[in-house]
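A short reminder: the numbers here are calculations on the coordinates, not readings from a lab. Everything quoted here is computed from the prediction, not taken from an experiment. Positions of Cβ are generated from backbone atoms using ideal geometry, with glycine treated the same way; all protein chains shown enter the neighbour counts.
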Amino acid sequence: MITVDEALDQILSSISILGVEQVNILNALGRVLSEDIISRRNIPPADNSAMDGFAVRAADTLFASRHKPVILEVIEDIPAGYISRKTVHPGQAARIMTGAAIPKGADAVVRVEDTDSRDGKAWIFAVAEAGQDIRRAGEDVKIGEIVIRRGSRLRPAEIGMLASLSRSFVSVYQRPLVAILATGDELVEIDEEAGQGKIVDSNSYALTAQVLDCGAVPVRLGIAKDTKENLLEKFRTAARADIIVSSGGVSVGDFDFVKDIMKEIGSSMKFWRVAMRPGRPLAFGTLEGKPIFGLPGNPVSSMVSFEQFVRPSILKMMGHAKLFRRTVRAVLKEDIRKKSGLRHFIRAKLAVEKGEITAAPTGEQGSGILKSMVLADGLIVLPEDITVARAGDRVTVQVLE
């Protein structure tokens, strides 16, 4: 049996980043860039107005006030998208809309609230400083600038920036196909009648949702029965994927065949037990460089094991730099006792009390209590050498939300 950290080191050292592909930016949300995005132009391309108002020479507005306005000749109206061909001379102004290019001769904008206009004249009620309410060319992005760096995860803001740079397609790392297989004669499909001794397969659905949450592509292969023949057939089909994830069949029971099947299809087995709870029976190997995870059959064990090992593997394949959930330090709300030698992951509800984050276990922590995950928004991580954590202690919590 190896530690969680040793298991992670072995797993991640065997994971390689997938290839790249060109995708439309509307399909790139959440993906990781495989190229630097370099601007081929300034944004904005020219000095423009940040306000509706009048483009003026700041020197002409000296001493302007509500009681003694400066009156200027209005030489034109400049809507957004229009480039003026006129020059603002002393004593003149141009009506201008937000986003419109500043005309020659003008060096400030007086917002419309500080003006009045009639009969071709503008009444200026406030002194303008040079550069006032002008957005300079290249103020947002300069030509030649690396705007979004390779390895960045694309969020809505990055999608908007790509559009402003006229990049309709970008190069991103591929998303892995993740084959998901549930094993066990006791399992039935979601729409089947769960008779005596039978259990509706929830694992493959939870795992599929976890894969989707990572941004990868799940491929559900259904339920494999507890026979080597059926398992071999399912695993050979799964071998077409980039990652194989099964649940069940990895402990020490007479019908726990998954470890044997992994060896039979040519998988190089790395380990099959990890010093953690829940999730101790966990098999990991590779098949022609593809990772294979044999997760425990209990639903909580399966989900927690996925969080610790499969999720960071998927994210690494997709080019992500941040592979692990965010952690916080929280004040424990009640005592927790555990065995030494195992790292425990306690399902917990987080809250903020008097300015501090608190963590309270979600109740019964058995590996078959799926409700403990439903109620949880974090996992309290208790190290191997701790046997008691007291209420009031500060603990590390992986944030699931």
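Positive end of the dipole of segment 144-291 (Cβ unit charges, origin at the Cα centre): among Val211, Ala163, Ala224, the Cα lying farthest that way belongs to Ala163.
The calculated FRET efficiency for Glu6 paired with Arg136, based on their beta-carbon distance and R0 = 60 Å, is about 0.65.
Label sites at Leu212 and Leu62, each approximated as a point 7 angstrom past Cα along Cα to Cβ, lie 6.8 nm apart.
Remark: segment 320-396 carries a charge dipole of roughly 200 debye about the Cα centre, counting +1 on each Lys and Arg Cβ and -1 on each Asp and Glu Cβ. In summary, the lysines within cross-link reach of Lys290, defined as a Cα separation below 17 angstrom excluding same-chain residues under 8 places away, comprise Lys234, Lys259, Lys263, Lys270, Lys316.
Each 10 Å bin, from zero up to the one with the longest distance, holds this percent of the alpha carbon pairs of segment 91-153: 16, 41, 20, 13, 8, 2. Rounded to the nearest 20, the size of the Cβ-charge dipole of the chain about its Cα centre is 760 debye, with Lys and Arg at +1 and Asp and Glu at -1. Model label sites at Ala163 and Ile38, defined 7 Å from Cα along the beta-carbon direction, differ in position by 2.6 nm. Spacing of the modelled spin labels on Lys354 and Val127, each 7 Å from Cα toward Cβ, amounts to 5.3 nm.
A Förster radius of 56 Å combined with the Cβ-Cβ distance from Lys104 to Lys371 puts the calculated FRET efficiency at roughly 0.20. Amide H contacts for Ala275 (H built 1.01 Å from N in the peptide plane; partners 5 or more residues away or on another chain; cut-off under 5 Å): Ile2, Thr3, Val4. Ranked by the mean number of other Cβ atoms within 10 Å of their residues, highest first, the peptides 138-144, 190-196 fall in the order 138-144, 190-196. Using just its DSSP H runs of length 4 or more, each adding -39500 (n - 2.57), the chain gives a mean residue ellipticity at 222 nm of -4500 deg cm²/dmol after division by all residues. Segment 148-192 and segment 94-134 have their alpha-carbon centroids 48 Å apart.
Given a cut-off of under 8 Å on Cα pairs at least six residues apart, what relative contact order in percent is computed for the chain? Relative contact order of the chain: 16 percent.
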